[in-house]
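The values are calculated or read from the model by the stated rules, or taken from the named source; none is laboratory data. The shown structure was predicted, so the numbers you read here are calculated from the model rather than taken from an experiment. Here the Cβ positions follow ideal geometry from the backbone for every residue, glycine too, while neighbour counts run over all protein chains shown.
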Amino acid sequence: MSPAETSSGETHPEIAATLALRRRGLTLTLLTTAYFFSYMDRQILAILQELIRVDLHLSDTQLGLLAGLAFAIFYATLGIPVARLADRGNRVNLIAGALALWSLFTAVCGLAQNFWQLLFARIGVGVGEAGSSPPSHSIIADLYPPEKRAGAMGIYSLGVVLGAAFGTMIGGTVAHLYGWRAAMFTVGLPGIVLALLVKWLVVEPKRGLSDVQIVAEGEAHGTIPSIGEGFRSMFANKAAFHLVMGVTVTSLIGYGHSAFGPSFMQRSLGISMFDVARYVAPIGAICGTISAVGGGWAANWVAKRWGLYAQSWLIVVMKIVGLPLAFLFYTESDPKTAVAIYFASILLVNSYLGPTFALIQGLAPLRLRALWAAVTLFVINLVGLGAGPTLIGVISDALKPSFGEESLRYAMMTFAAATPWALFHYYRAGVLLKRGAATA
């Protein structure tokens with residue numbers, strides 16, 4: 001039973017609101033940890049896929065499908081009905097149940113004997129993870145006011161950075177010692193314990209709790225619009241549309257690169273799986289943490305100095321500075337130089353998530369926050385996660401007759417070249433947000 005509930009299961013609104021605000025730091029920590037497990041379980045395949053490729057006799061295209069499309073279709077599409085449940089009901093229960101489900105299926109991946117069994121297990125991971133981010137975004141938006149929201153979302157986005165890094169460190173180390181199947185068990189099963197902690201310790205906050213200046217009873221407690229109306233309302237907002245497009249293209253590039261990054265380091269730079277796990281991943285985690293937290297802090301600062309629209313333009317500046325580093329990384333042949341460039345690029349490229357999601361949550365109607373988050377994640381994951389790793393795998397296989405093991409290098413480089421497309425959308429979002437603020 002929740003700490004804010006009576007013996008009959010009824011929630012005392014005043015007690016729940018007070019306790020939710022008192023525990024918001026703990027709540028943000030647990031939600032970030034759940035997101036960490038989500039991304040660790042999702043991305044562990046990247047460090048293990050060279051072993052899996054040999055063990056199960058898979059092609060790059062099949063690896064891309066496992067990392068991308070097979071996972072993303074279910075993760076993205078189920079996020080919409082889950083968000084609808086989150087906008088209507090208890091978000092904490094949804095997150096806890098989803099966490100237990102995807103953790104179990106991550107462990108099941110370690111039992112797979114062929115491509116189809118591993119595909120089924122990956123689908124299960126995607127089904128479970130669909131229940132995490134939309135309700136988490138909604139809860140964070142309720143607990144933190146607009147001027148602090150980007151910083152909170154920046155901390156939450158650490159789940160991406162640290163989840164990928166620790167998935168690489170733990171997965172690579174355990175696989176080096178005991179094999180890739182043991183690595184799947186090791187990262188999957190602890191998530192079930194975390195699910196219990198989320199259920200017991202996180203308090204469901206009142207919707208709009210930190211938006212007192214705009215909360216009206218009709219919006220906070222009225223009839224919830226349909227899914228179709230939610231889609232239409234989001235894409236009718238031009239600033240929200242460009243933010244979604246910007247983060248989608250950025251995710252297309254990022255998911256493709258992260259899915260095959262460890263393989264690229266092993267194939268083209270000659271760095272062993274174990275060295276990627278014990279040297280590259282830990283430093284990458286530090287750089288990614290600085291990027292995510294620093295990006296959220298910088299976004300809060302520029303919003304206070306110039307207005308919320310400046311957050312979108314901050315992303316443009318960071319991406320422009322980071323793009324040459326990406327090209328240098330994929331063209332460099334010396335391992336030490338390439339890894340140093342990689343660390344420098346991480347300081348810039350991971351700073352976009354917190355400000356982007358904070359801006360979208362700020363534009364969303366109170367009763368549609370989880371749905372707007374789900375729509376954003378639907379597009380990001382269906383296009384970015386679904387197509388990114390899959391397309392890199394296809395391109396790499398297509399280039400293999402000409403470039404051999406170096407085909408992956410050129411596939412990765414091709415994706416980096418799409419960055420200006422994302423920059424255009426972030427720039428336009430900033431223009432529209434500034435124009436809207438001026439006319440408000």
### Summary
Tyr427: passes all of (1) touching a residue at least 12 places away in the same chain (Cβ under 8 Å); (2) closer than 26 Å to Arg42 by Cβ but (2)
#### Entry: Residues of the range 223-246 satisfying the condition of being modelled with pLDDT of 75 or more, aliphatic (A, V, I, L, M) and either under 11 Å from Val375 (Cα atoms) or within 24 Å of the chain's Cα centre (by Cα) (or both)
Met234, Ala239, Ala240, Leu243, Val244, Met245
### Query
Do we have Ala298 as at pLDDT below 90 and out of contact with any Ser or Thr (no Cβ under 8 Å at 6 or more places or on another chain) here?
no
### Task
Would you mind finding the one in Ile315, Ile341, Ile346 that is assigned to a helix (DSSP H, G or I) and under 14 Å from Gly296 (Cα atoms)?
Ile315
### Task
Starting from the range 143-168, take each residue that is farther than 18 Å from Gly294 by Cβ and touching a residue at least 40 places away in the same chain (Cβ under 8 Å) and list its partners that are among the polar types (S, T, N, Q) and assigned to a helix (DSSP H, G or I), counting only C-beta distances under 6 angstrom and pairs at least six apart or across chains.
Gly167/Gln43
### Task
Select from the range 85-97 the residues that are surrounded by 19 or more Cβ atoms within 10 Å (Cβ to Cβ) and in contact (Cβ under 8 Å) with a residue 60 or more places away in the chain and write down the one among them that is farthest from the chain's Cα centre (by Cα).
Asp87
### Message
If I filter the range 51-74 down to residues being without any contact (Cβ under 8 Å) to a residue 24 or more places away in the chain and part of a helix (DSSP H, G or I), which single residue comes out as nearest to Ser258 (Cα to Cα)?
### Response
Arg53
### Query
Within the range 306-323, is even one residue surrounded by fewer than 23 Cβ atoms within 10 Å (Cβ to Cβ), among the hydrophobic types (A, V, I, L, M, F, W, C) and closer than 24 Å to Glu405 by Cα?
no
### Query
Given the conditions (1) in a helix (DSSP H, G or I); (2) more than 28 Å from Ser407 (Cβ to Cβ); (3) at pLDDT 85 or above; (4) over 19 Å from the mean Cα position of the chain (by Cα), which single one is not true for Val127?
(4)
### Task
For Trp180, indicate whether it is farther than 28 Å from Ile52 by Cα and hydrophobic (A, V, I, L, M, F, W, C).
no
